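The values are calculated or read from the model by the stated rules, or taken from the named source; none is laboratory data. Remember, it's a predicted structure, so these values are computed and weren't measured experimentally. Every residue, glycine as well, gets a Cβ built from its backbone with ideal geometry; the counts of neighbours run over all protein chains shown. Please note that ligands, DNA and RNA were not included when accessible areas were found on the heavy atoms of the full protein model with its side chains. Shrake-Rupley method; radii C 1.70, N 1.55, O 1.52, S 1.80 Å.
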Amino acid sequence: MKKIEVKILNPESIDQAEKLMVCAARLTQRGHQISCLDDFMDLYEKPYQRSTVANLVKLPHPTIQKFGIINVVVVGASRRFLAQITRHQNEVKYMSASLQYSDYSGVEDFVIPYDLIGTGQEEGYLRQCSMAMKNYQEMIRYGVDNDSAGYCAPQGMRNILLIGATPYQWKHMIRQRTCRRNTKETRYVMLKIWKQLLEQNRELFSDCGPFCMNGGCEEGKMTCGKIIPPQMLPTDIIRVDFPKLCEESALEEGVSDEDTAD
């Protein structure tokens, strides 16, 4: 998991989404003052304070947070992460590297699950992944199409994924997927995305944490019972919940002895 990287591809869209949020909120109350395009543009360009953004985010009107698409690339997360995150479909778009069109012969790489790091089980896990991809390569060599051979690919194989979503949906996904009830890789990826969103706009994304940070757990009897304090930042949560990924001596996910590219 140490090699998973994320990046906001269009950070300028966040400022635009914020500006549209303020404009949309003002429009609902000042429509009677707008009789022409120039009137609207004056409203659109009207300056506002950071406190205005913070107050609007707290309102129970999510539509004003749905103007604009923020695109994020996730490089190196597993195909298991792909299967989990794509359950979110409302106002979210995805584009993934394809097992149908891409040929991963000899270039595959695998995520080591967090709980295997430092246990001595990494080598056996990578060996199994490598064996699966050797079968994949053998099928390709005998003329089987990439799509059919792709069924051999393990869930742990690394992938590249583009995600485009509105600010509101990013917040919804982060709230759900940073909960300690989720799988560790998914939590880690979403915490890294939340960190970058916060760096771009603290007021808009300050309330992204799991539900226990913003009122109370919604898991009922399935709660983990480990509340995350509301003052914690995503970097704090990563440091507490993923110490193996923060240590200088953390296991490097290197080349296995089965010719597995890392």
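Under the rule of at least 5 residues apart or a separate chain, name every residue whose amide H is placed under 5 Å from the amide H of Phe110.
For Phe110, whose amide H was placed from the backbone, the distant partners under 5 Å are Arg158.
For Gln128 and Cys246, calculate 0.36 nm times their separation in residues minus their Cα-Cα distance, and state this gained length in nm to one decimal.
So the extension gain works out to 39.8 nm.
Can you work out the FRET efficiency for the pair Lys226 and Thr119, with r the C-beta to C-beta distance and R0 = 25 Å, to the nearest 0.05?
Calculated value: 0.70.
I'd like the carbon and sulfur percentage of the solvent accessible area for the chain, probe radius 1.4 Å, heavy atoms only, ligands and nucleic acids excluded.
For the chain, the apolar C and S fraction of the accessible surface comes to 52 percent.
For the chain, with every protein chain kept in place, what is the accessible area per residue (1.4 Å probe, Å²)?
Accessible surface, normalised per residue, equals 53 Å².
Over the Cα atoms of the chain, what is the Rg over Rh ratio if Rh follows Kirkwood?
Working: Rg = 21.8 Å, Rh = 20.6 Å.
Result: Rg/Rh = 1.06.
Could you go through segment 115-123 in sequence order and give the Karplus-derived ³J(HN,Hα) for each residue, using 6.51 cos²θ - 1.76 cosθ + 1.60 with θ = phi - 60°, rounded to whole Hz, and x for Gly and Pro?
The phi angles translate into 6, 8, 4, x, 9, x, 9, 4, 4 Hz.
The chain: longest stretch without exposed chymotrypsin sites (Phe, Trp or Tyr not before Pro) (DSSP loop, at most 14 other Cβ within 10 Å), sites themselves excluded? Please report the intermediate quantities before stating the final value.
On the way: sites that count: Tyr101, Tyr142.
Answer - 143-262.
With each run of n ≥ 4 DSSP H residues scored as -39500 (n - 2.57), what mean residue ellipticity at 222 nm is computed for the chain after dividing by its residue count and rounding to the nearest 500 deg cm²/dmol? Present the calculation step by step, with values, prior to reporting the outcome.
Working: 10 runs with 108 residues, N = 262.
Computed mean residue ellipticity for the chain: -12500 deg cm²/dmol.
Excluding ligands and nucleic acids, what accessible area in Å² is computed for His32 using a 1.4 Å probe, to the nearest 10?
Number for this one is 150 Å².
Please build a GNM for the chain, connecting alpha carbons under 10 Å apart, and tell me which residue among Val73, Val144, Val92 fluctuates the most.
Val144
Among Ser105, Val72, Tyr125, whose Cα lies farthest out toward the positive end of the dipole of segment 69-148, if unit charges sit on the beta carbon of Lys, Arg (+1) and Asp, Glu (-1)?
Farthest towards the positive pole: Val72.
What percent do you get for the relative contact order of segment 4-112 when only Cα pairs under 8 Å and 6+ apart count?
For segment 4-112, the relative contact order is 44 percent.
Name the residue farthest towards the positive end of the dipole of segment 95-243 from the options Leu162, Gly215, Pro234, assuming +1 on Cβ of Lys and Arg, -1 on Cβ of Asp and Glu, about the Cα centre.
Checked the options; the winner is Gly215.
Using Cα-Cα distances under 8 Å and only pairs 6 or more residues apart, what relative contact order does segment 154-253 have, in percent?
Relative contact order here is 24 percent.
Using the Cα centre as the reference, give the magnitude of the dipole from point charges on the C-beta atoms of the chain (Lys, Arg: +1; Asp, Glu: -1; all else neutral), rounded to the nearest 20 debye.
With only Lys, Arg, Asp and Glu charged at Cβ, the dipole is about 1140 debye.
With a cut-off of 8 Å between alpha carbons and a minimum separation of six or more residues, what is the relative contact order of the chain in percent?
26 percent
Using each residue's phi in segment 211-216, evaluate 6.51 cos²θ - 1.76 cosθ + 1.60 at θ = phi - 60° and report the 3J(HN,Hα) Karplus result to the nearest Hz, with x for Gly and Pro.
Once θ is set to phi - 60°, the couplings for segment 211-216 become 4, 5, 8, 10, x, x Hz.
Can you pull the Rg over Rh of segment 127-215, Cα-only, Kirkwood?
1.19
Can you check how the C-alpha radius of gyration of segment 1-120 compares to 2.2 N^0.38 Å, as a plain ratio? Don't jump to the answer; show the numbers that get you there.
Numbers: Rg = 21.2 Å, N = 120, 2.2 N^0.38 = 13.6 Å.
Dividing the Cα radius of gyration by 2.2 N^0.38 Å gives 1.56.
In nm², what is the average projected area of the convex hull enclosing the Cα atoms of segment 64-151?
7.7 nm²
State to the nearest 20 debye the size of the charge dipole of segment 126-212 about its Cα centre, where the only charges are +1 on K and R beta carbons and -1 on D and E beta carbons.
Here segment 126-212 has a charge dipole of around 440 debye.
Quick one: Debye curve from the alpha-carbon atoms of segment 1-55 only, equal weights, vacuum; give me log10 I(q)/I(0) at q = 0.13, 0.16, 0.23 Å⁻¹ to two decimals.
Taken in order of the listed q values, log10 I(q)/I(0) reads -0.45, -0.59, -0.93.
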